[in-house]
Amino acid sequence: MVQSLRSPGHLALMGVLRETRRKRGLTQADLAKRLRRPQSYVAKIESGERRLDVIEFVELSLALETDPVNLISPVVAALAEKPP
């Protein structure tokens, strides 16, 4: 099994989460407050230092008021791309 940290799928997930948060006009601190977690939790996810499990991903999606299916689509696309 390939390591998932910093993989194309992981990078896509980090990007879509950060982009969605910004489009919602939220800071990391705002999102962390919704999640009842410290700001560093969101920072570590967005920087790739921390991975999410499925439940955490859904909780994050709900805190962003976004359907998890919409957030996962770019990840699936990144994983489906074949390397050059």
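In the stretch 54-66, which residues are farther than 18 Å from Asp30 by Cβ and open to solvent by 80 Å² or more (accessible area, probe 1.4 Å)?
Here is the first cut: in the stretch 54-66, the residues farther than 18 Å from Asp30 by Cβ are 54-55, 57-58.
Selection gives Val54, Ile55.
Checking Arg37 against (1) modelled with pLDDT of 95 or more; (2) in a helix (DSSP H, G or I); (3) open to solvent by 50 Å² or more (accessible area, probe 1.4 Å): exactly one of these is not met. Which one?
(2)
Okay, residues lined up against (1) in contact with a His (Cβ under 8 Å, 6 or more places away or on another chain); (2) under 15 Å from Ala12 (Cβ atoms); (3) among the acidic types (Asp, Glu):
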position	(1), (2), (3)
Tyr41	no, no, no
Ile45	no, yes, no
Leu52	no, yes, no
Glu59	no, no, yes
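If Arg18 satisfies every condition in (1) in contact with an Asp or Glu (Cβ under 7 Å, 6 or more places away or on another chain); (2) exposed (fewer than 11 other Cβ atoms within 10 Å of the Cβ) but one, which is the exception?
It is condition (2) that Arg18 fails.
The values are calculated or read from the model by the stated rules, or taken from the named source; none is laboratory data. Everything quoted here is computed from the prediction, not taken from an experiment. All Cβ positions, even for glycine, are placed from backbone atoms using ideal geometry, and neighbour counts span all protein chains on display. When the accessible area is computed, the model is the full protein with side chains, heavy atoms only, and any ligands, DNA or RNA have been set aside. Shrake-Rupley method; radii C 1.70, N 1.55, O 1.52, S 1.80 Å.
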